């Protein structure tokens, strides 16, 4: 079971980021920096839309973390198809997140868009899948 440790870390990261975004009451500091506005300066209707999108992203991260965790358990139990499912949910879940973070970083390099956390999660999952397969 230790060989699945990297996947467990990645799954916990997904759950943590998911809960952070799901419980957010406004946008993050990097959103404000890229937009060049404070949360309080936004029209209340725009706040509702933005906060809804932030919560949707949180739900997606939470789902990704849970999926990786449960798929790792299935794999440990002998489900030979699970590594492919782990890589598929990672590509579809974290690929757009990384692309968006890179887009925000291109607009505002100093904003602190979460490029490194997205890359770290992807690297953990790829490395975890390799270690669990060959380790």
- Query: Would region 64-73 turn up any residue that is more than 15 Å from residue 4 (Cα to Cα), at pLDDT 95 or above, under 17 Å from the mean Cα position of the chain (by Cα) and surrounded by 14 or more Cβ atoms within 10 Å (Cβ to Cβ)?
  - Reply: yes
Can you confirm whether region 99-113 contains a residue that is assigned to a helix (DSSP H, G or I), surrounded by fewer than 19 Cβ atoms within 10 Å (Cβ to Cβ), modelled with pLDDT of 95 or more and under 11 Å from the mean Cα position of the chain (by Cα)?
no
In region 75-86, anything in a helix (DSSP H, G or I) and either surrounded by fewer than 15 Cβ atoms within 10 Å (Cβ to Cβ) or out of contact with any helix residue (DSSP H, G or I) (no Cβ under 8 Å at 6 or more places or on another chain) (or both) is listed as 76, 84
Within region 21-46, of all residues that are loosely packed, with under 15 Cβ neighbours inside 10 Å and in a helix (DSSP H, G or I), the one modelled with the lowest pLDDT is 29
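The values are calculated or read from the model by the stated rules, or taken from the named source; none is laboratory data. Because the structure is predicted, anything quoted here is derived from the model rather than measured. No Cβ is skipped: glycine too gets one built from the backbone with ideal geometry, and neighbour counts run over all protein chains shown.
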